[in-house]
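J.: Let me begin by handing over the structure; questions about it come next.
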Amino acid sequence: MQVEHPKPRWADRFLLLDLFEGLKTTVRELFQPKVTVRYPEERLEPADRFRGMFRFSYDRCIACKLCAQACPIDIIYIDVHDEQREVDGKMKKLKVLDRYDIDVKRCMFCALCEEACPTKPKSIWLTSKTYELASYDRNDLYFNMQELEYWDDRPKYTGLPDEDAPAEIEGQKQIAGGHE
Amino acid sequence: MITQAALMKYLVWPLVKFLVAFLIVQVIVAAMNWVERRLLGLIQARLGPNRVGWHGLLQIVADPIKFLLKEDIVPSSSEKIAYFLGPMLPLIPAFIVFCLIPFGPGPMFLSARVNVALLLILALTSTGVYGIILGGWASNNKYSLMGGLRSAAQMVSYEVPFGLSIVGVLMICGSLDLVNIVNYQANNAWNLLPQIVAAFIFFVSMNAENNRTPFDLPEAESELVAGYHTEYSAMKFAFFMLAEYSSMLVNSCLMTILFLGGWTIAYDGHGLTTAKLISMGTFGALLGFAIFFAKVMFFMLVYIWFRATFPRFRFDQLMDLGWKWMIPLALGNIVVTGIFILIGQERLMYWIGLATIGAIFFYLSRKPAPSPTKTAHAHKVVHAS
Amino acid sequence: MFDVHEMEINFGPQHPSTHGVLRVLLTVDGERIINAKPVIGYLHRGTEKLFEHMAYPQCIPHTDRMDYVASATNNLGFVETVEKLMGITAQIPKRAQLLRVILSELQRISSHLLWLATHAIDIGAMTPFFYCFREREQILDLFETYCGARLTLNCMRIGGMPEDAPAGWLDDIEEFIGKFDAAVDEYESLLTNNRIWKRRTIGIGVISPEEAIEWGVTGPPLRGSGVNWDIRKALPYECYAELDFEVPLGINGDTYDRYLCRMAEMRQSRRIIEQCIPLIKATPAGDIKAKISRVVRPPEGEVYHSIESPKGELGYYIIADGKSQNAYRCHVRPPSFVNLQALPAMAKGHLVSDLVALIGTIDIVLGEVDR
C-alpha cells in the first residue's frame, strides 16, 4: 500500500488552513479533562497482577530452592539444614530454612521466582501492589526472612498521616520497607 | 522660563504616568511566566505548575526568589564589561517604549504623546539586537557566539517586513500618531479588515523578533547551538527572559493599536469611540483600559498558542521566509493598498478582508479530508471461521 | 585557492535529542555536514555474554532491556527462536499465538507513539509528545493488567504464554482501539499537512531503495524508500498469515515518507488487533502453553530467526550445544544498530539542524544498539 502525500487545495495553500487546523486541535484539547493524577495525594491503584514488592510466607515454604535457581540475577540467598523432627508420631527428616534473603535493590521484579515456586498457594509472591520502595539507605533494601514477611506496606517518606498502616503484630518487630 | 506648571506638565506628570505603566507592565510580565507555563500545560493534556500556592500562583514569587538567590557564575574568560552589559541592553528599549504607547482613552493613559510615535517605537525596538550580539560574543563560547549571531540575523531580517507591513496602515490612517490611528479605526472599522495581509505579516514578524516558536531556533534546546544565553545564570538570565516578555508585550500592544482598534469597539463612528469613552468619565476610562487589556492579552495568549502548536523552522528556512516571502508580500500589500486608495475604493478592501476571514472560518468548520495514511479497508473485520 | 574550514564537532553523548547515549562526530563546513560518524558503546551491558550463563527461560527478562521501548517484540523474537531450535513451533496453541500477536501489535503502537513523541519534540512541536504519551499510558495500563509490568514485560515463555488473559482485558483492548483511530487523526492534524513540518521533513535524509538494501536497513526506513519487505508478510510467523493487513510503502525515501509509513503502520496494527479479538474469543480459555518440560534443553544445532519489531528486523542467532541449559552463543541482530549505519549516508550535505530529524527518523534505541 503506497502512502500518498496529501494534496493541498488552493484554499489550503493561501488561507494557511493547515496551520489553522493545528490551532483548532490544540484549542480543543485545552478544554478536555486532564489525565494527570496528583501524586501523592491521589494514587493510581496498580493492577491485580502488578509485580511489586515481595511477600514471603515462612510456613508455606518447603525450602526447595527452585526460586533461587530460577532467578536470572541470583539475588535470592537460601540456607537450609536438615533436621529430624517429630511429625505424626514418626521421625522425619525435614528441611529447615535458615536464611532466606533477597537483595531487593538488584531485583528486576521479573517474577520468575514466583513462577518457579511449587507450593499452592505460592510461598513468594510479588503481587503486593507496592512500588514505593525508595530508601535513603542502601542497606534498607536487603531484606531478610522476617522483613520479607512482615514489612510495613506504606512508605514513610511522604509526610502524610498513616491511617491505613497495619496494626502492630504482637511479638514481631515491625521493620519498615523504606525510610525509618 | 521654566514655570512650575510647565515642570509638572512636561516632566513630573509624564514620569508618574510612565512609572505607573511600567509597574503594571512588570506585574503583567511576571504573571505571563505563570500564564505561559499553565496554559502550555493545559493545552498539552497536563496541568502546569499548580502546587506552589493556589493554582500555582505563588510560582510567580518563587521564580524571582530563585533567580535572586542563585549562584551567579561568570565565566573567567569572558569579556567582563560586555558580559555585564549584555543582558541590560535589550531591557532598556523594551522599557522605554512603554511611555509611547497609549493604554486607554484620554491623556491620562499616555506618558508622552509624540506625533511620530510609531517611528520612534520601531527605532527603539530595533536597538534590542545589540544586547544579544554582545551577550553572545562576550560569553567567549563559540556556540553562544553562533547562536547570538543567528538570533541577531533573524531579528534584523524581520525588522524589514515589520516596518513595511505598517506602511499599509499608515497609508490608510494618514498619521504616525498612535492615538490618531485608533481614532481612525473607531471611525471606520478595525484595520484588520483592509490590511489582513499586513496584519499577518506583522504578526509573523513579531514572533520572529521575539524569538518565539516557530522561530525559536536560537533558544531551542534540542539543537546543537546552545544559544546566546547559555553562559548566563541567575539574574542575568532572568533579564533576558524579562526582556523577551516585555518585548512580547510591546508588540502585542502595537498589534492591538494598529490592527485591532486599541481601546475602542466601534464601527463607522458608532459604538465605544474615544470621545464616548471620555464622556463616560472614570468608568469610561476604565472600560477603555479593560478593552485594551483584553485585546493585548488575547495576543499574548496567541503567542503561547502558537508555541504549543507549531514545530520550528530551520534557520535557513527562517531567513528564506523572511526575505523571499514576507518582504515581497509586504511590498505587494503596499502597492495594492496604494492602488485601492488611488481609485478611491477603500471600502472594498474592508470587504475583501471580511471575505477572507469568513472563508477561513468556513473551511475550518468543515471536516478535514481523511488522512493519507488511512486505507479504504480500515474497518473490515475478518470473522472467525 | 579556497581553503575549506572543516570543524569537528561532538554531538555528544549527553544531549537532549540523541535518544539515549549516542555520540556523533560531525565534520562540518559552516553548517553543512560533511561526515557524521556515530560512536556507540555507551550503553553496552554485555547482554550477549550474560545469555551464555543463564538458562533459556532466565534470558527472557534480559531481552526486555535491549529495546526497552518495545520489549514484547524482543521477548517474542527470543522465544520463537528457541522454539524453532527445539522444533515445537507447530505445537504452540492458537490462543497463545493470538495473545502474542495482540501483545506485539500493542507494543508496535506503543513504540511508534514514543517515536512520534520524541521526533516531533526534536523538531520543535511540543504538544504531540504529550498527546502520544497519554495514549501510550493506556497501552501500558493494558500491559500491566496482563502481565504485571508496564515497560519490561517478560510476558512470553518458551512454548506459550505465562498466563491467560484476565477477565475484561479483551474488552479494555476493544475500548482502546475504538478510540485510537481518532487519536491518530489528532496527531496527523497537527503534523501531516503542516507546512512547517513538511519543510523540515521533505527531502531530508533520502535513501534510495538500492542504497537501503545495500546498507541492510530494515523496517520503516526500508519501506519508506518503497521496498516491500515486511517479515510479517514475507516470512510469516505466529498467525500473521491469516490476518488481513497492509504494509505501507513510501515513495521518495525521505523523512516525511518514513513518518507517513509509521503513522499508517499504527493504524494497521490497530486493524490487526481488531481482527484478533473475535478470533481469540473463539479459542478455548486456558490453552496457552505447549507441553514441554520445565527444563528447556534444546538439541544441538544453530538457528537464526527474525521477526518484525517496530524498529525493523530483529534477529536472534542461537547456537546450542545440546547438553547444557544455556546457549553456547546467542547473538542478537538489532535493527537500530544496522539502521544507524545509514546515518552518515543520510546526513551528508544536510545542515546540523537536520541531524536531530535524522536521528529521530531512523528511530534508534541505544539499548538495542549497544546491548
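The values are calculated or read from the model by the stated rules, or taken from the named source; none is laboratory data. As the structure is a computational prediction, the values presented were derived from the model and not from experiment. Cβ placement follows ideal geometry from the backbone for every residue including glycine, while neighbour counts extend to all protein chains displayed.
J.: Got at least one residue in the range A:23-45 being under 24 Å from the mean Cα position of the chain (by Cα), surrounded by fewer than 18 Cβ atoms within 10 Å (Cβ to Cβ) and within 8 Å of chain C (Cβ to nearest Cβ)? Lay out the reasoning, then the answer.
T.: Filtering the range A:23-45 down to residues under 24 Å from the mean Cα position of the chain (by Cα) leaves A:35-45.
Next, only the ones that are surrounded by fewer than 18 Cβ atoms within 10 Å (Cβ to Cβ) stay: A:35-45.
Narrowing the set further to residues that are within 8 Å of chain C (Cβ to nearest Cβ) leaves A:35.
Checking the range A:23-45: at least one residue is under 24 Å from the mean Cα position of the chain (by Cα), surrounded by fewer than 18 Cβ atoms within 10 Å (Cβ to Cβ) and within 8 Å of chain C (Cβ to nearest Cβ).
J.: Filter the helices (runs of 4 or more DSSP H) completely within the range B:214-323 down to those with at least 2 residues that are closer than 21 Å to B:P194 by Cβ and away from chain C (no Cβ under 14 Å).
T.: On the way: elements: B:234-259, B:274-279, B:281-309, B:315-320.
By residue number, B:234-259, B:281-309.
J.: Among the residues of the range C:278-301, how many are touching a residue at least 24 places away in the same chain (Cβ under 8 Å), surrounded by fewer than 18 Cβ atoms within 10 Å (Cβ to Cβ) and under 27 Å from the mean Cα position of the chain (by Cα)? Full working, then the answer.
T.: As a first pass, look at the range C:278-301 and keep what is touching a residue at least 24 places away in the same chain (Cβ under 8 Å): C:279-281, C:283-292, C:295-299, C:301.
Those left that are additionally surrounded by fewer than 18 Cβ atoms within 10 Å (Cβ to Cβ): C:281, C:283-287, C:291-292, C:295, C:297, C:299, C:301.
Okay, now just the ones that are also under 27 Å from the mean Cα position of the chain (by Cα), so none.
Residues flagged as touching a residue at least 24 places away in the same chain (Cβ under 8 Å), surrounded by fewer than 18 Cβ atoms within 10 Å (Cβ to Cβ) and under 27 Å from the mean Cα position of the chain (by Cα) within the range C:278-301 amount to 0.
J.: Is it the case, given these coordinates, that B:A285 is farther than 30 Å from B:K80 by Cβ, surrounded by 17 or more Cβ atoms within 10 Å (Cβ to Cβ) and in contact with a Pro (Cβ under 8 Å, 6 or more places away or on another chain)?
T.: yes
J.: A further question on this structure: For B:I73, indicate whether it is in a helix (DSSP H, G or I), out of contact with any Asp or Glu (no Cβ under 7 Å at 6 or more places or on another chain) and among the hydrophobic types (A, V, I, L, M, F, W, C). Steps first, please.
T.: Values: in a helix (DSSP H, G or I): no; out of contact with any Asp or Glu (no Cβ under 7 Å at 6 or more places or on another chain): yes; among the hydrophobic types (A, V, I, L, M, F, W, C): yes.
Against the criterion (in a helix (DSSP H, G or I), out of contact with any Asp or Glu (no Cβ under 7 Å at 6 or more places or on another chain) and among the hydrophobic types (A, V, I, L, M, F, W, C)), B:I73 does not qualify.
To keep it simple, each residue is scored yes or no on (1) of a type in the set (D, E, K, R); (2) more than 14 Å from chain C (Cβ to nearest Cβ); (3) surrounded by fewer than 18 Cβ atoms within 10 Å (Cβ to Cβ); (4) under 29 Å from C:A55 (Cβ atoms).
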residue: A:A68; (1), (2), (3), (4): no, no, yes, yes
residue: A:I75; (1), (2), (3), (4): no, no, yes, yes
residue: A:H81; (1), (2), (3), (4): no, yes, yes, yes
residue: A:G89; (1), (2), (3), (4): no, yes, yes, no
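J.: What number of residues within the range A:109-125 are more than 7 Å from every other protein chain (Cβ to nearest Cβ), surrounded by fewer than 19 Cβ atoms within 10 Å (Cβ to Cβ) and in a helix (DSSP H, G or I)?
T.: Within the range A:109-125, residues that are more than 7 Å from every other protein chain (Cβ to nearest Cβ), surrounded by fewer than 19 Cβ atoms within 10 Å (Cβ to Cβ) and in a helix (DSSP H, G or I) number 0.
J.: Let me ask another. Does any residue of the range C:333-349 turn out to be farther than 30 Å from C:R200 by Cβ, in contact with a strand residue (DSSP E or B) (Cβ under 6 Å, 6 or more places away or on another chain), surrounded by fewer than 21 Cβ atoms within 10 Å (Cβ to Cβ) and not aliphatic (A, V, I, L, M)? Don't jump to the end; show me each part of the working.
T.: Residues of the range C:333-349 farther than 30 Å from C:R200 by Cβ: C:333.
Filter once more, keeping what is in contact with a strand residue (DSSP E or B) (Cβ under 6 Å, 6 or more places away or on another chain): C:333.
After this cut, where a residue has to be surrounded by fewer than 21 Cβ atoms within 10 Å (Cβ to Cβ) as well, the list is C:333.
Narrowing further to those that are not aliphatic (A, V, I, L, M): C:333.
Yes - at least one qualifying residue is present in the range C:333-349.
J.: Another question, if that's okay. With the condition kept exactly as written, say whether any residue in the range C:218-225 is surrounded by fewer than 18 Cβ atoms within 10 Å (Cβ to Cβ) and either assigned to a loop (DSSP other than H, G, I, E, B) or modelled with pLDDT of 90 or more (or both).
T.: As a first pass, look at the range C:218-225 and keep what is surrounded by fewer than 18 Cβ atoms within 10 Å (Cβ to Cβ): none.
No - not one qualifying residue is present in the range C:218-225.
Condition check ((1) touching a Phe, Trp or Tyr at 6+ places or on another chain (Cβ under 7 Å); (2) surrounded by 18 or more Cβ atoms within 10 Å (Cβ to Cβ); (3) at pLDDT 85 or above; (4) within 25 Å of B:G262 (Cα to Cα)) across all residues:
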residue: B:A31; (1), (2), (3), (4): no, no, yes, yes
residue: B:V35; (1), (2), (3), (4): no, no, yes, yes
residue: B:V52; (1), (2), (3), (4): no, no, no, no
residue: B:L57; (1), (2), (3), (4): yes, no, yes, no
residue: B:A62; (1), (2), (3), (4): no, no, yes, no
residue: B:I65; (1), (2), (3), (4): no, no, yes, no
residue: B:L89; (1), (2), (3), (4): yes, yes, yes, no
residue: B:I92; (1), (2), (3), (4): no, no, yes, yes
residue: B:F98; (1), (2), (3), (4): yes, yes, yes, yes
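J.: Collect the residues in the range C:121-145 that are farther than 25 Å from B:G48 by Cβ, within 10 Å of another protein chain (Cβ to nearest Cβ) and either small (G, A, S) or out of contact with any Asp or Glu (no Cβ under 8 Å at 6 or more places or on another chain) (or both), keeping them in residue-number order. Break it down stepwise before answering.
T.: Kept after step one, since they are farther than 25 Å from B:G48 by Cβ, are these residues of the range C:121-145: C:139, C:142-145.
From the residues that got through so far, the ones that are within 10 Å of another protein chain (Cβ to nearest Cβ) too are C:142-145.
Once the filter is applied, which keeps residues that are farther than 25 Å from B:G48 by Cβ, within 10 Å of another protein chain (Cβ to nearest Cβ) and either small (G, A, S) or out of contact with any Asp or Glu (no Cβ under 8 Å at 6 or more places or on another chain) (or both), the range C:121-145 yields C:F143, C:E144.
J.: Which condition from (1) aromatic (F, W, Y); (2) under 24 Å from C:T152 (Cα atoms); (3) touching a strand residue (DSSP E or B) at 6+ places or on another chain (Cβ under 8 Å) is the one that A:Y100 breaks?
T.: (2)
J.: Test A:S128 against the stated conditions and say whether it is within 14 Å of chain C (Cβ to nearest Cβ) and touching a Phe, Trp or Tyr at 6+ places or on another chain (Cβ under 8 Å).
T.: yes
J.: OK, next. All but one of (1) buried (at least 18 other Cβ atoms within 10 Å of the Cβ); (2) more than 11 Å from chain B (Cβ to nearest Cβ); (3) within 17 Å of the chain's Cα centre (by Cα) hold for C:D254; which doesn't?
T.: For C:D254, the exception is condition (3).
J.: Give the residue, chosen from B:G344, B:G261, that is on the phi > 0 side of the Ramachandran plot, of a type outside the set (V, I, T) and exposed (fewer than 13 other Cβ atoms within 10 Å of the Cβ).
T.: One residue alone meets the criteria, B:G344.
J.: For the range A:13-22: of the residues being assigned to a helix (DSSP H, G or I) and more than 10 Å from chain C (Cβ to nearest Cβ), which is modelled with the highest pLDDT? Give the steps one after another, and end with the answer.
T.: First, the residues of the range A:13-22 that are assigned to a helix (DSSP H, G or I): A:13-14, A:17-22.
So of that shortlist, the ones also more than 10 Å from chain C (Cβ to nearest Cβ) come out as A:14, A:20.
Working: A:F14: 82, A:F20: 89.
Per the stated criteria, the residue is A:F20.
J.: For B:G344, state whether it is within 14 Å of another protein chain (Cβ to nearest Cβ) and more than 22 Å from the chain's Cα centre (by Cα). Before the answer, list the steps.
T.: Numbers: within 14 Å of another protein chain (Cβ to nearest Cβ): no; more than 22 Å from the chain's Cα centre (by Cα): yes.
It is false that B:G344 is within 14 Å of another protein chain (Cβ to nearest Cβ) and more than 22 Å from the chain's Cα centre (by Cα).
J.: In the range C:39-65, what count of residues is obtained for those that are assigned to a helix (DSSP H, G or I), surrounded by fewer than 22 Cβ atoms within 10 Å (Cβ to Cβ) and free of Cβ contacts under 8 Å to residues at least 60 places away in the same chain?
T.: Count: 2.
J.: Which numbered condition trips up C:D64, out of (1) within 19 Å of the chain's Cα centre (by Cα); (2) modelled with pLDDT of 90 or more?
T.: (2)
J.: Could you grab me the full set of residues in the range C:226-250 that are away from every other protein chain (no Cβ under 11 Å), in contact (Cβ under 8 Å) with a residue 24 or more places away in the chain and not in a loop (DSSP other than H, G, I, E, B)?
T.: C:I231, C:R232, C:Y240
J.: Turning to a different aspect of this structure: Can you tell me which residue in the range C:346-371 is farthest from the chain's Cα centre (by Cα), limited to those that are outside any helix (DSSP H, G or I) and of a type in the set (D, E, K, R)? Give the steps one after another, and end with the answer.
T.: Taking the range C:346-371 as the starting set, the residues that turn out to be outside any helix (DSSP H, G or I) are C:348-351, C:363-365, C:371.
Among the residues that remain, those that are also of a type in the set (D, E, K, R) are: C:348, C:363, C:371.
Working: C:K348: 26, C:D363: 8, C:R371: 14 Å.
Looking at the filtered set, the residue picked out is C:K348.
J.: Any chance the range C:310-331 includes a residue that's of a type in the set (S, T, N, Q) and within 24 Å of the chain's Cα centre (by Cα)?
T.: No, every residue in the range C:310-331 fails to be of a type in the set (S, T, N, Q) and within 24 Å of the chain's Cα centre (by Cα).
J.: Still on this structure, I have one more. Within the range C:277-315, track down each residue that is aliphatic (A, V, I, L, M), within 14 Å of chain B (Cβ to nearest Cβ) and outside any loop (DSSP other than H, G, I, E, B). Reasoning before the result, please.
T.: Taking the range C:277-315 as the starting set, the residues that turn out to be aliphatic (A, V, I, L, M) are C:277, C:279-280, C:282, C:285, C:288, C:290, C:292, C:295-296, C:303, C:307, C:314.
So of that shortlist, the ones also within 14 Å of chain B (Cβ to nearest Cβ) come out as C:277, C:279-280, C:282.
Listed by number, the residues that qualify are C:I277, C:L279, C:I280.
J.: Take B:I360 and tell me if it is out of contact with any helix residue (DSSP H, G or I) (no Cβ under 9 Å at 6 or more places or on another chain) and either crowded, with 18+ Cβ neighbours inside 10 Å or among the aliphatic types (A, V, I, L, M) (or both).
T.: no
J.: Also, I was wondering about something else. Tell me, which residue of the range C:2-18 that is at pLDDT below 75 and surrounded by 14 or more Cβ atoms within 10 Å (Cβ to Cβ) is farthest from the other protein chains (Cβ to nearest Cβ)?
T.: So, considering only residues that are at pLDDT below 75 and surrounded by 14 or more Cβ atoms within 10 Å (Cβ to Cβ), the one farthest from the other protein chains (Cβ to nearest Cβ) is C:T18.
J.: Follow-up. Out of all the residues in the range C:200-207, is one or more crowded, with 22+ Cβ neighbours inside 10 Å, within 14 Å of chain A (Cβ to nearest Cβ) and assigned to a loop (DSSP other than H, G, I, E, B)?
T.: no
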